[in-house]
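The values are calculated or read from the model by the stated rules, or taken from the named source; none is laboratory data. Since the model is a prediction, treat every value here as computed from it, not as a measurement. Glycine also receives a Cβ, built like all others from the backbone with ideal geometry; neighbour counts cover every protein chain displayed.
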Amino acid sequence: MGVTQTIWADPVDYLRAMAPRDPVMFLSPAALQAQAQRFLTGFPGLVTYAVKANPDEAVIVNLAAAGLAGFDVASPEEIRLIRRLVPGAALHYNNPVRARHEIAVGVAEDVRSWSVDSLSELDKLFAQVPRVNGRGERVEITARFKLPVAGAVYDFGAKFGATEELATEILRRIAAAGYVPSLTFHPGTQCTDPAAWEAYIHAARRIADGAGVTIARLNVGGGFPSHRLRAEMPSLAAIFRLIGRVTAEAFAEAAPELVCEPGRALVADAMALLAQVKGLRDGAHVFLNDGIYGAMAELPLMGALDRIRAWAPDGTPRIGEPVRRIVFGPTCDSVDRLPGEVALPADLAEGDYLLVQGMGAYSVPTNTRFNGFGALTLEMALTLEP
């Protein structure tokens with residue numbers, strides 16, 4: 001997805017001038033860098049960006065400009081992307097199952113930290129990963145574990161993470177082999193309950209004690225929530241304080257350095273999606289030029305956003321009383337529908353535009369060209385809130 005050099009005042013300024021027929025994603029570099037600063041100054045440890053959330057080059061460059069020096073990568077392609085854009089960055093390869101050729105790429109590119117959640121994958125790392133990388137840094141291997149705790153929209157433990165018992169054995173073997181021994185977990189995406197981190201941190205202490213290992217670092221994962229609903233503003237500061245306090249309480253003098261790997265919470269509010277109403281069927285069903293095969297791919301999993309405003313083609317805001325409507329995407333597939341019903345102004349008309357805030361995460365990289373739609377472009381804006 002290409003990006004122009006023009007910086008618009010806001011998305012409405014753009015729609016007045018350009019009258020776009022395809023969906024447009026707007027990035028506010030100022031908003032992205034400000035959110036990065038909230039993490040860098042608020043989180044009590046190293047902040048790494050989960051590249052999978054949005055690997056657009058403009059995002060990576062702006063995060064680096066804000067001072068972010070670590071990146072959570074999950075594939076050779078992401079590794080090469082970061083090495084090209086931020087050559088000196090610390091790379092944490094936290095996809096715990098890798099092909100041997102993928103491990104070889106990580107070794108060649110001086111990955112600093114690897115996660116693992118099984119003995120078979122640990123053996124593959126031992127066979128290929130040196131204890132000191134090409135930059136002269138001791139290599140870290142982190143045992144990834146999971147708990148049956150709630151609090152997130154969906155649980156990553158269904159796919160990744162060792163039990164406490166298995167993680168204890170993995171950690172013991174990591175330390176014995178001479179690598180930097182650490183632990184990592186992920187509380188699940190859009191985790192709004194700080195108690196999830198508390199449970200995991202206490203479990204990390206139990207695992208370290210069971211292995212007889214003093215861990216160097218504890219990666220508390222991603223999962224930090226973004227602002228999805230008008231009435232619910234997540235408190236990242238409260239989560240940061242809890243993580244710092246509970247780590248100190250659980251580990252005392254043996255407290256490890258902390259690491260986090262936010263994706264969604266870093267980039268979501270730095271982008272807004274402009275989609276056009278292509279049809280208003282009998283005044284009831286709204287059809288947009290974007291949908292779940294496009295930039296809205298994860299809404300069926302995450303639930304609909306309500307940070308939506310409507311604008312006429314001349315840039316006049318629609319201010320009618322909210323009416324709940326079914327909203328479809330442009331494809332001929334019947335599952336191309338936003339979840340539930342969306343409250344939109346009663347005076348909404350064909351040709352109007354919807355501006356959806358909080359769309360920076362898991363939207364650009366999952367956009368497809370199914371049915372010939374999905375010609376998404378990226379524009380820069382000073383602000384996303386007209």
Pick from 315, 360, 320, 351: which is under 17 Å from residue 11 (Cβ atoms), surrounded by fewer than 20 Cβ atoms within 10 Å (Cβ to Cβ), small (Gly, Ala, Ser) and touching a Leu at 6+ places or on another chain (Cβ under 9 Å)?
315
Inside region 234-291, can you point out the residues that are more than 26 Å from residue 327 (Cα to Cα), in a loop (DSSP other than H, G, I, E, B) and in contact (Cβ under 8 Å) with a residue 24 or more places away in the chain?
234, 256, 261, 262, 263
I'd like the full set of residues that are surrounded by fewer than 24 Cβ atoms within 10 Å (Cβ to Cβ) and polar (S, T, N, Q), limited to region 175-188.
none
Single residue of region 1-58 satisfying the filter (under 28 Å from residue 276 (Cβ atoms) and among the basic types (Lys, Arg)) that is nearest to the chain's Cα centre (by Cα):
21
Those residues that are surrounded by fewer than 24 Cβ atoms within 10 Å (Cβ to Cβ) and in a loop (DSSP other than H, G, I, E, B), I need them from region 191-212; list them, please.
192, 193, 194, 212
Between 258, 242, 299, which is of a type outside the set (Ser, Thr, Tyr), on the phi < 0 side of the Ramachandran plot and assigned by TED's automatic domain parsing to the domain that holds residue 366?
299
Go through region 59-104 and give me each residue that's aliphatic (A, V, I, L, M), surrounded by fewer than 19 Cβ atoms within 10 Å (Cβ to Cβ) and either in contact with a Pro (Cβ under 6 Å, 6 or more places away or on another chain) or within 17 Å of residue 365 (Cα to Cα) (or both).
61, 74, 81
Please find, among 349, 343, 361, the residue that is among the small types (Gly, Ala, Ser), on the phi < 0 side of the Ramachandran plot and within 22 Å of the chain's Cα centre (by Cα).
361
So, residue 30, is that one farther than 18 Å from residue 364 by Cα, among the aliphatic types (A, V, I, L, M) and either outside the structural domain of residue 245 (by TED's automatic domain parsing) or assigned to a helix (DSSP H, G or I) (or both) or not?
yes
Give region 33-59 a look and list any residue that's outside any loop (DSSP other than H, G, I, E, B) and either within 30 Å of residue 370 (Cα to Cα) or at pLDDT below 95 (or both), or say none.
49, 50, 51, 52, 53, 57, 58, 59
Within region 1-27, how many residues turn out to be touching a Gly at 6+ places or on another chain (Cβ under 7 Å) and in a loop (DSSP other than H, G, I, E, B)?
1
Restricting to region 303-335, give me the number of residues that are within 23 Å of the chain's Cα centre (by Cα) and either over 24 Å from residue 17 (Cα atoms) or without any contact (Cβ under 8 Å) to a residue 24 or more places away in the chain (or both).
4
Just one of (1) polar (S, T, N, Q); (2) modelled with pLDDT under 95; (3) within 30 Å of residue 201 (Cα to Cα) trips up residue 247, so point out which.
(2)
Might you let me know whether region 259-267 holds any residue that is in contact with a Leu (Cβ under 6 Å, 6 or more places away or on another chain), crowded, with 19+ Cβ neighbours inside 10 Å and under 30 Å from residue 202 (Cα atoms)?
yes
Can you say whether residue 135 is of a type in the set (Lys, Arg) and surrounded by fewer than 18 Cβ atoms within 10 Å (Cβ to Cβ), as far as the supplied structure shows?
yes
Tell me which residues, restricted to region 323-336, are of a type outside the set (A, V, I, L, M, F, W, C) and surrounded by fewer than 17 Cβ atoms within 10 Å (Cβ to Cβ).
324, 333, 334
